[in-house]
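Visitor: Can you read through this structure? Questions will come right after.
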Amino acid sequence: MSEALARVPALAAQHLLLAMAALALAVALALPLGVVAARRPAVGRVVLGIASLVQTVPSLALLALFYPILLWIGGVPALGFLPALLALTLYALLPIVRNVATGLTGLDPAVREAADGIGMTAGQKLRWVEAPLVLPVAMAGVRTAAVWTIGAATLSTTVGQPSLGDLIFAGLQTQAWALVLAGCLGAAGLALGVDALLAVAEAGAARRRPTWTGAALGLLALATLAASAPLWSSSERRVVIGAKNFSEQYILARLIGDRLVRAGYRVDYRDGLGSAVAFGAVAGGEIDAYVDYAGTIWSGEMKRTDVPPRAEQVRAIADWAKRTRGVTLLGALGFENAYAFAMRPGGAVRTLDDLARAAPRLRLGADLEFLDRPEWAAVRRAYGLRFAGATPYSPTFMYRALESGRADVISAFSSDGRIAAERLTVLTDPKRAMPGYDAILLLSPTAATDPRLVAALRPLAGRISVEAMREANYMVDRDAGKVSPEAAARWLATRTGL
Amino acid sequence: MPARTGPALAFEGVTKRYGGAAAVDDVAVRIAPGEFVALVGASGSGKSTLLKTANRLVVPDAGRVLLDGADVAEGPAWRLRRRIGYVFQNVGLFPHLTVAENVAMPLRLAGVPAGDRVAAMLDLVELPRALATRMPAELSGGQRQRVGVARALASEPGLLLMDEPFGALDPVTRETLASAVRSLHDRLGLTTVMVTHDMAEALLHATRVLVMQSGRAIADETPAALLAGAGGAAAQALVAVPRAQAERLAAMAGA
């Protein structure tokens with residue numbers, strides 16, 4: 001736990017840097033937009049309409065949308081700082097544009113008439129009259145935007161930009177509430193601190209104390225600069241290891257990372273990547289290595305619906321990934337993490353055929369992506385499944401839902417330690433509707449050309465049994481006596497003799 | 001005798017329409033240097049609109065305005081306006097600036113150092129110099145309008161335009177200020193055009209009264225001529241109000 005908490009300062013620095021960069025960019029864009037919106041009401045309606053529309057997009061989705069957009073544009077990193085920066089900037093625009101525009105349109109007409117009457121040019125009027133009078137309202141907008149941005153920046157974790165959200169997502173996943181709390185308090189602390197400094201700057205402007213304003217803004221700039229210090233000190237290349245948003249992924253990422261550290265590499269983690277984002281990230285070189293699952297690539301990336309034997313499937317994926325995306329499949333780790341329908345113990349339903357008959361009276365609890373995945377479509381087609389209801393949960397809460405009876409069937413994972421621990425019934429798939437889900441280690445085009453790195457990771461192939469993986473997962477997922485993914489990774493290394 | 005004299009101002013066939021209606025309808029007036037002209041008329045008679053064509057706050061649809069023979073439409077508007085003092089009913093002091101900064105703003109625009117000019121301007125409009133550091137919100141209505149006049153005259157314009165300048169003030173302040181402005185007009189040798197709906201104010205302070213109705217100038221007389229019955233029926237109807245009031249007051253005082 002403490003080793004995870006030790007990441008707080010570094011993550012807070014990244015978080016602050018991202019949020020302040022987005023805020024600065026938003027201010028730079030919003031000020032002229034606000035002026036234009038006030039001068040030309042027709043343009044203003046369009047600008048404010050778009051900015052409001054952006055606000056209605058959930059921030060998580062807004063961040064995720066920039067990934068395909070940047071991918072489509074090409075030539076720029078589609079993951080990490082850039083998409084997070086752009087999404088947060090868009091998100092921060094509305095309060096600033098709106099306040100600047102309403103501030104300007106709400107100015108006393110007599111003051112404008114006086115400014116015109118004594119012969120101010122449009123520029124002088126803006127600089128000496130309109131800007132200082134609108135400043136308090138504009139600053140209120142900037143403060144709102146700052147707090148929103150710092151809050152929403154926690155979601156940048158999902159597009160591979162480290163932030164305090166790393167702690168929140170990892171903690172939520174592994175039910176390590178101290179981590180969640182550390183992430184939340186860290187983000188709240190940053191928001192309060194930045195808001196307080198902006199409040200001082202605002203008060204300084206309102207009370208004609210430029211030294212207050214200068215000191216507050218200077219301190220903010222200094223803090224942001226200090227937060228960016230790690231970026232310019234470490235010019236050496238770091239190996240970036242990706243992980244999707246569940247315990248097994250965190251553990252395997254640490255297992256890979258530990259081996260690379262022992263081989264003399266410096267390692268960074270990108271935790272909590274969305275499933276759709278991860279493969280693109282390794283192909284684009286935003287991450288160097290991560291573990292994915294054969295069936296996910298098979299149906300999600302390759303759009304295949306046939307179900308070949310597992311070994312054949314892995315070979316076909318290796319060939320396809322190398323040929324079309326330059327990604328190297330270093331090897332299968334030895335265990336499978338398949339989607340498996342699981343039910344409470346002691347029921348009569350044993351197979352998916354049985355389930356199809358009982359389904360109209362049952363409720364399905366699925367993980368967050370399952371209902372949109374092609375595997376679900378395939379199973380539904382093959383067995384004619386029709387449930388009374390289907391609810392997506394985050395994986396941890398999915399098991400809780402099954403336990404409490406809110407769900408009767410869940411889309412479990414075969415390597416999940418909770419299946420054995422809670423003696424759940426895993427339904428068989430007699431029609432073989434679902435493809436194999438061998439865990440496979442994928443390397444980016446650059447990483448694959450580094451023989452030392454390949455040599456350090458090759459021993460992982462075929463070494464991890466499903467029993468070992470379940471046990472390691474359960475160490476992190478269980479309610480009592482849970483350990484951190486780092487500790488579970490060390491345990492797994494010892495257990496498998498790595 | 002003033003050291004200098006304000007410019008001549010001429011309106012030539014000035015017309016301004018809003019929608020279909022003419023707010024100002026083909027007005028031609030020549031104002032000589034040093035005149036104090038009152039534009040009088042009911043609300044909507046076009047007097048304010050006509051005044052504002054002189055400093056281009058309103059651009060006429062037809063006709064032109066000449067300042068010392070030069071068309072005001074030439075060159076940028078801000079350059080014209082810096083040569084013209086402008087005072088209006090709502091004053092429009094800059095609320096974020098002190099009295100001194102407000103008064104000095106025209107000098108700042110002209111790039112002239114303020115020096116002791118602000119103090120001199122406050123003296124001119126009979127405001128205590130101690131007010132220089134106050135903010136506009138701390139002043140009374142009369143004080144604010146005095147600051148407005150000081151600001152309008154700070155860069156020594158020859159022409160002073162006033163749009164209902166004392167309309168929002170109480171009668172005592174109004175009379176004091178109007179007299180003060182008239183004496184400034186004389187001392188500085190200004191050309192002054194003042195819009196007012198108050199015929200008594202016009203008769204008492206102006207050297208010439210222009211009566212407007214429905215966008216047209218219907219009478220153009222000296223105060224003495226108006227009081228003697230010149231200018232036509234509509235102008236005389238306006239003169240009749242203060243005259244009747246004065247007669248009733250005199251009768252009450254005599255009784």
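The values are calculated or read from the model by the stated rules, or taken from the named source; none is laboratory data. Note that the coordinates shown come from a computational prediction; the quantities given were computed from them, not determined experimentally. Cβ coordinates were reconstructed from backbone atoms using ideal geometry, including for glycine residues, and neighbour counts include every protein chain displayed.
Visitor: Where residues in segment B:67-120 are in contact with a Phe, Trp or Tyr (Cβ under 9 Å, 6 or more places away or on another chain) and in a helix (DSSP H, G or I), which of them is farthest from B:Leu57 (Cα to Cα)?
Guide: Selected residue: B:Glu101.
Visitor: Quick one: count up the residues across segment A:107-125 that are within 8 Å of chain B (Cβ to nearest Cβ) and touching a residue at least 12 places away in the same chain (Cβ under 8 Å).
Guide: 3
Visitor: What residue, of B:Ala251, B:Ala202, B:Ala230, B:Ala219, is surrounded by fewer than 20 Cβ atoms within 10 Å (Cβ to Cβ) and not in a loop (DSSP other than H, G, I, E, B)?
Guide: B:Ala251
Visitor: Evaluate segment A:433-444: report whether one residue or more is touching a residue at least 24 places away in the same chain (Cβ under 8 Å) and part of a helix (DSSP H, G or I).
Guide: no
Visitor: Looking at segment A:161-169, is at least one residue within 14 Å of chain B (Cβ to nearest Cβ), at pLDDT 90 or above and surrounded by 21 or more Cβ atoms within 10 Å (Cβ to Cβ)?
Guide: no
Visitor: For segment A:408-426, which residues satisfy the criterion of being under 14 Å from A:Glu375 (Cβ atoms) and surrounded by fewer than 24 Cβ atoms within 10 Å (Cβ to Cβ)? Talk me through it step by step, then tell me what you get.
Guide: Within segment A:408-426, the subset under 14 Å from A:Glu375 (Cβ atoms) is A:411-414.
Within segment A:408-426, just A:Ser414 meets the criteria.
Visitor: Now for a different question. Filter segment B:84-130 for residues that are over 10 Å from B:Ala154 (Cα atoms) and touching a strand residue (DSSP E or B) at 6+ places or on another chain (Cβ under 6 Å) and give the result.
Guide: B:Ile84, B:Tyr86, B:Val87, B:Phe88
Visitor: Of everything in segment A:255-270, what is of a type in the set (D, E, K, R) and buried (at least 24 other Cβ atoms within 10 Å of the Cβ)? Give them in sequence order.
Guide: A:Arg270
Visitor: Restricting attention to segment A:61-96, and to residues there that are under 12 Å from the mean Cα position of the chain (by Cα) and of a type outside the set (A, V, I, L, M, F, W, C), which single residue is surrounded by the most Cβ atoms within 10 Å (Cβ to Cβ)?
Guide: Once the filter is applied, the top-ranked residue is A:Pro83.
Visitor: For segment A:324-348, how many residues meet the condition of being modelled with pLDDT of 90 or more, surrounded by fewer than 21 Cβ atoms within 10 Å (Cβ to Cβ) and more than 30 Å from A:Ile287 (Cα to Cα)?
Guide: The number of residues fulfilling the criteria is 1.
Visitor: Shifting gears a bit: Looking at (1) touching a residue at least 40 places away in the same chain (Cβ under 8 Å); (2) in contact with a helix residue (DSSP H, G or I) (Cβ under 7 Å, 6 or more places away or on another chain); (3) surrounded by 18 or more Cβ atoms within 10 Å (Cβ to Cβ), can you tell me which one B:Gly148 breaks?
Guide: (2)
Visitor: Sticking with this structure for a sec: Kindly provide the set of residues from segment A:41-79 that are in contact with a Lys or Arg (Cβ under 9 Å, 6 or more places away or on another chain) and at positive phi, ordered by number.
Guide: none
Visitor: Can you confirm whether B:Val27 is in a strand (DSSP E or B), free of Cβ contacts under 8 Å to residues at least 60 places away in the same chain and hydrophobic (A, V, I, L, M, F, W, C)?
Guide: Taking the combined requirement at face value, the residue does not satisfy it.
Visitor: So, one more: Of the residues A:Leu133, A:Leu104, A:Leu85, which single one is part of a helix (DSSP H, G or I) and either farther than 18 Å from A:Ala28 by Cα or within 13 Å of chain B (Cβ to nearest Cβ) (or both)?
Guide: Exactly one residue qualifies, and that residue is A:Leu133.
Visitor: Let me ask something additional. Among A:Ala114, A:Ala101, which is the only one that is in contact with a strand residue (DSSP E or B) (Cβ under 9 Å, 6 or more places away or on another chain), farther than 27 Å from A:Gly218 by Cβ, buried (at least 22 other Cβ atoms within 10 Å of the Cβ) and assigned by TED's automatic domain parsing to the domain that holds A:Thr224?
Guide: A:Ala114
Visitor: Under 21 Å from the mean Cα position of the chain (by Cα) and either under 20 Å from A:Val111 (Cβ atoms) or within 13 Å of another protein chain (Cβ to nearest Cβ) (or both): is that true of B:Ser179 in this structure?
Guide: No, not satisfied.
Visitor: Filter the strands (runs of 3 or more DSSP E) completely within segment A:337-419 down to those with at least 1 residues that are β-branched (Val, Ile, Thr), outside the structural domain of A:Glu301 (by TED's automatic domain parsing) and under 30 Å from the mean Cα position of the chain (by Cα).
Guide: A:389-393, A:409-413
Visitor: Looking at B:Ala137, B:Ala119, B:Ala70, can you tell me which residue is surrounded by fewer than 21 Cβ atoms within 10 Å (Cβ to Cβ), away from every other protein chain (no Cβ under 14 Å), small (Gly, Ala, Ser) and over 22 Å from the mean Cα position of the chain (by Cα)?
Guide: The unique qualifying residue is B:Ala119.
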